[in-house]
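Take a look at the structure set out below.
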Amino acid sequence: SIFRAHAAKYETEFMEDLESLGIKPPDVLTRVTEYVETVEAFIQQICDNGFGYESEGSVYFDTAAFMRSGHDYCKLVPQPSAEALAEGEGALVAEGKRKSDRDFALWKNLSLIHI
């Protein structure tokens with residue numbers, strides 16, 4: 001497929017970079033495209049547990065719901081800055097798609113423009 005060919009190009013470059021740096025290649029190479037069904041099932045379970053929500057075709061982790069259920073979130077950085085939060089999602093997040101700035105994408109609905 002076009003996606004595998006696109007990924008293969010960067011995978012080859014990565015392996016060439018490892019070699020040029022004198023780093024041994026990995027013993028096992030895992031590609032997320034080989035586990036899409038598993039990833040989808042995992043995300044569905046997160047949503048079924050009340051910790052995920054859909055917005056404009058993407059699925060986000062609901063950090064507020066997670067904290068309301070008694071779990072801790074951001075143990076290492078209790079109050080991340082707006083700059084740090086923006087860096088985590090970058091330009092992929094349009095304003096208004098998430099319930100909270102702390103929420104993060106589990107599954108992105110990307111258009112071909114992003115590929």
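The values are calculated or read from the model by the stated rules, or taken from the named source; none is laboratory data. Values in this document were obtained by computation on a predicted structure and should not be read as measured data. Glycine also receives a Cβ, built like all others from the backbone with ideal geometry; neighbour counts cover every protein chain displayed. These area figures cover heavy atoms from the full protein model, side chains too; ligands, DNA and RNA do not enter into them. Shrake-Rupley method; radii C 1.70, N 1.55, O 1.52, S 1.80 Å.
Restricted to segment 93-115, and to residues there that are within 23 Å of Gln44 (Cβ to Cβ) and of a type in the set (A, V, I, L, M), the residue that is modelled with the lowest pLDDT is Val93. For Thr63, are the conditions met, namely being within 22 Å of Ala7 (Cβ to Cβ), of a type in the set (S, T, N, Q) and at pLDDT 65 or above? So Thr63 fails the test. Of all residues in segment 1-19, exactly one satisfies the criterion of being open to solvent by 100 Å² or more (accessible area, probe 1.4 Å), among the charged types (D, E, K, R) and either under 23 Å from the mean Cα position of the chain (by Cα) or at pLDDT below 85 (or both), namely Lys9. Within segment 11-52, the set of residues being over 30 Å from Thr63 (Cα atoms) and among the β-branched types (Val, Ile, Thr) comprises Thr12, Ile23, Val28. Kindly indicate whether any position in segment 25-34 is open to solvent by 90 Å² or more (accessible area, probe 1.4 Å) and in contact (Cβ under 8 Å) with a residue 12 or more places away in the chain. Among the residues of segment 25-34, at least one is open to solvent by 90 Å² or more (accessible area, probe 1.4 Å) and in contact (Cβ under 8 Å) with a residue 12 or more places away in the chain, which makes the answer yes. Put simply, of Gly90, Gly22, Gly57 the only residue that is of a type outside the set (Asp, Glu) and either at pLDDT 95 or above or over 27 Å from Arg4 (Cβ atoms) (or both) is Gly22. Go through the residues of segment 66-73 one by one and say whether even a single one is basic (Lys, Arg) and either at pLDDT 90 or above or under 25 Å from Val36 (Cα atoms) (or both). Yes, segment 66-73 contains at least one residue that is basic (Lys, Arg) and either at pLDDT 90 or above or under 25 Å from Val36 (Cα atoms) (or both). Residues that are open to solvent by less than 40 Å² (accessible area, probe 1.4 Å), modelled with pLDDT under 70 and more than 23 Å from Ala7 (Cβ to Cβ) are absent from segment 35-51 altogether.
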